[in-house]
Amino acid sequence: MNLSYDKYIVAFSGGKDSIALVLYLLDLGVDPCKIELWHHDIDGNDEAFMDWECTHDYCQKFADAFGLEIYFSWKEGGFKREMLRDNQRTAPTWFETPGKILKKVGGIAGKLATRLKFPQVAADLKVRWCSAYLKIDVCSIAIRNQERFNGLKTIVLSGERGEESTARSKYKIFEADRSDNRSGKLNRLVDRWRPLRDWKESEIWDIIRKYRVRVHPCYYMGWSRCSCKFCIFGNADQFASAYKISPIQGEEIMGYEERFGVTMKRNTDLRSLISCGNAYANITAELARQATSKIYDQQIIFNDNEEWVLPAGAYGESCGPQ
Ligand code: SF4
């Protein structure tokens, strides 16, 4: 792999695969000054609706612990605003630029459309709109609208692994990114690299153990993926666990299902799903507090006198994108 890029942007969700990506770059000897972590806030700048409260600050603290730059970006109003589109345009995108200067793009053109339903559990991003609208588009809009990438060679790394689904096992490991403009007048070269596509989960935990990283609290409670707290891909146990931790959020989400008359899952409504699930046994009041606090107050790297412990959710049931 040619490592002569000017910028290495890591799509950083705060989950184990994105952590492994960062650590892998450090293992390869990439200059930390060239690495940027980019986190897309699913709920925008608003109160938690789908996501974990601590995720934003966990990502910030992770970047701080490794001395890396982090930039946050989001769609205005986040998941809820996009879900509630009623003959409206999609909302503007906000992103941080160097010096923590905020920039806003879009929201004034584009077609009027109505959603009034949750993203549907499917591989097709047209119906599973959350990934496309709240992550993929936000990332490319933020690259295309920053002159600092013009004339440079940038590589965007994302942590999809083939073990997660057949579709992901067929993703290209290396290709031009959708924001690439190498032959255009901006001379903006942007590649996409998925170096973890063929990694096993054991390799992910091995590199996290090597750097003694404390992962997101959801893993210690039993989640095998750090996605939204109420991710549409969750199974009965995951939804029952999320509901146990955040019943008010859960009721709000179920209320929208009833209002829309369209369920999130094809074959069940969330109330029935939750009633057949069992909340994870490793949920403790302290871990729930950490996960639902806006400030993440644990150390990212374990102290030398502490034992690195494999989280309860490691190698668990994987309910994720197809
Ligand atoms: S984590 Fe789940 S709910 Fe959240 S954006 Fe991704 S697919 Fe959608």
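List of remarks:
- Fluctuation leader among E76, E252, E160 - the chain, Gaussian network, Cα springs under 10 angstrom: E252
- Sorting 30-37, 241-248 by their mean Cβ neighbour count within 10 Å, with the most densely packed peptide first, gives 241-248, 30-37.
- The gain in end-to-end length when the Q88 to E175 segment is fully stretched comes to 27.9 nm, 0.36 nm per residue minus the alpha carbon separation.
- Accessible area (Å², 1.4 Å probe, nearest 10) - R209: 110 Å²
- For S13, residues with placed amide H under 5 Å, excluding near neighbours: S18
- Most fluctuating residue given options G77, G67, G15, as computed from a GNM of the chain linking Cα atoms under 10 Å: G67
- Per-residue ³J(HN,Hα) for segment 169-181, Karplus 6.51 cos²θ - 1.76 cosθ + 1.60, θ = phi - 60°, Hz, x for Gly and Pro: 5, 9, 4, 6, 6, 9, 6, 6, 6, 5, 8, 5, 9
- Per residue, the accessible area of segment 252-322 comes to 57 Å², computed with a 1.4 Å probe over protein heavy atoms only.
- With all protein chains in place and a 1.4 Å probe, the accessible surface of the chain carries 50 percent carbon and sulfur.
- By average C-beta atoms within 10 angstrom, highest first, the peptides 174-187, 218-231: 218-231, 174-187
- In nm, spacing of pseudo-spin labels at L310 and N235 (7 Å Cα→C-beta vector): 1.9 nm
- Segment 57-85 residues near the modelled L112 label - backbone nitrogen below 18 Å, point 7 Å along Cα→Cβ: 82-85
- Between R289 and L26, the distance separating the two model label sites (each 7 Å from Cα on the Cα→Cβ line) works out to 2.8 nm.
- Whole-Hz Karplus values for segment 256-267 come out as 5, 4, 5, 5, 6, x, 9, 7, 6, 8, 5, 10 Hz, taken residue by residue from phi with 6.51 cos²θ - 1.76 cosθ + 1.60 and θ = phi - 60°; glycine and proline positions read x.
- Label zone of A167 (point 7 Å out along Cα→Cβ, amide N under 19 Å): in segment 254-284 this covers 263-268.
The values are calculated or read from the model by the stated rules, or taken from the named source; none is laboratory data. Please read these numbers as outputs of a predicted model, since none were measured by experiment. Glycine gets a Cβ as well: all are built from the backbone with ideal geometry, and neighbour counts include every protein chain shown. Ligands, DNA and RNA are stripped out before the accessible areas are found, and what is left, the full protein with its side chains, is counted by its heavy atoms. Shrake-Rupley method; radii C 1.70, N 1.55, O 1.52, S 1.80 Å.
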